[in-house]
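The structure appears below as structure tokens.
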Amino acid sequence: MNKPLRIALTKGRLEKDTVGLLEKIGYDCTAVREKGRKLILPVPDGNLEVVLAKANDVITYVEHGVCDLGVVGKDTIMEMQGTFFELVDLGFGRCRFALAAKKGSSFYGGYKVKTVATKYPNITRNYFESKGMDVDIVKIEGSVELAPLLELADGIVDIVETGTTLKENGLEVIEDIVPISARLIVNTVSMKLRQHEIESLVDLVESRL
Ligand code: PRP
């Protein structure tokens, strides 16, 4: 048998949804479910090796070819870009990017250049460039909703899933930007060298979506 295909999963919810999908295919994911603090786990009947990583690192490992495949959110793909194939929309991890601001504030009002806080400066820059609008962007690492509450920013560009975080903090969506979901990505060289195995896995995945 060939060496296992190595697949990097984004730790957390996407990891759980991907394991659920692999189990639907019929693979035994016990080692991943009982991983403890281990970061590389076998899925022997699928001839897979699961690597658990942070979202940005999933892309880095796949781009460098040390992982053949990866499961990562479209948000991270749009922010990081990079060279790989995006093969399948896995349909889970659904949410959206939105521009939000304090309830009742007029984000587009006035002449002052607006300040926008975000974990995703590239996406935010592209979004406002496409509108021809000049904004100052401040990079925040998490809980971006704080920035308008602390009056650091006029608005935020962030992920909205249920809308609860915005609501409970007195913010509201001004505009939806783009829908997001988890994607299966593949290293470009692996796609050539291990095409048959990858296509078989993709067929199985697509049959269970
Ligand atoms: C994400 C996002 C929002 C929240 C949206 O944050 O940045 O804060 O989830 O979810 P909701 O619409 O269902 O309330 P995450 O939980 O990943 O934490 P972070 O802000 O610290 O990155």
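A short reminder: the numbers here are calculations on the coordinates, not readings from a lab. All values derive from a computational prediction rather than experimental measurement. FYI the Cβ positions are ideal-geometry reconstructions off the backbone, even for glycines, and counts take in every protein chain you see.
Can you tell me, using C-alpha contacts under 8 Å and at least 6 residues apart, the relative contact order of the chain as a whole percent? Walk me through the intermediate numbers first.
On the way: 391 pairs, mean separation 56.9, N = 209.
It rounds to 27 percent for the chain.
May I ask you to list the trypsin sites (Lys or Arg not before Pro) in segment 17-72 that are in a DSSP loop and have at most 12 other Cβ atoms within 10 Å of their Cβ? Can you show the working numbers first?
Details: sites: LYS24, ARG33, LYS35, ARG37, LYS38, LYS54; in loops: LYS35, ARG37, LYS38, LYS54.
Qualifying residues, ordered by number: ARG37, LYS38.
Could you give the distance between the Cα centres of segment 1-65 and segment 88-151, to the whole Å?
With segment 1-65 and segment 88-151 each reduced to a Cα centre, they are spaced 32 Å.
For segment 77-173, which chymotrypsin sites (Phe, Trp or Tyr not before Pro) are in a loop by DSSP, counting at most 12 other Cβ atoms within 10 Å? Intermediate results must be reported in sequence, preceding the final value.
Values: sites: PHE84, PHE85, PHE92, PHE97, PHE107, TYR108, TYR111, TYR127, PHE128; in loops: PHE84, PHE92, PHE107, TYR108, TYR111.
Answer by residue number: TYR111.
Which is the longest stretch in the chain that no exposed loop site breaks, taking sites as GluC sites (Glu not before Pro) with a DSSP loop state and at most 16 other Cβ atoms within 10 Å? Working shown, then result.
Values: sites that count: GLU34, GLU141, GLU151, GLU161.
After excluding every exposed loop site, the longest remaining stretch is 35-140.
Counting only Cα atoms, I'd like the Rg/Rh figure for segment 1-42, Kirkwood definition for Rh.
Working: Rg = 10.5 Å, Rh = 11.1 Å.
We get a ratio of 0.94 for segment 1-42.
If you place +1 on the Cβ of every Lys and Arg and -1 on the Cβ of every Asp and Glu, how big does the dipole about the Cα centre of segment 95-179 come out, in debye to the nearest 20?
On the way: 10 positive and 13 negative charges, 22 e Å.
So the dipole magnitude of segment 95-179 works out to roughly 100 debye.
Using the Cα centre of the chain as origin and beta-carbon charges of +1 (Lys, Arg) and -1 (Asp, Glu), tell me which of TYR111, ALA55, PRO42 is placed farthest towards the positive end of the dipole.
Value: PRO42.
Taking H as built 1.01 Å from N, whose amide H comes closer than 5 Å to the amide H of LYS114, not counting residues under 5 places away?
ASP136
Expressed as an acute angle from 0 to 90° and rounded to the nearest 10, what is the orientation of the C-alpha long axis of helix 195-208 relative to the principal long axis of the chain?
The angle comes out near 70 degrees.
For segment 71-209, evaluate the Debye formula with one uniform point scatterer on each Cα (no solvent term) and list log10 I(q)/I(0) at q = 0.13, 0.15, 0.20 Å⁻¹, rounded to two decimals.
Ignoring solvent entirely, the Cα scatterers give -0.64, -0.77, -1.13.
Can you tell me the 0 to 90 degree angle between the C-alpha axis of helix 121-130 and the longest principal axis of the chain, rounded to 10?
It is inclined by approximately 60 degrees.
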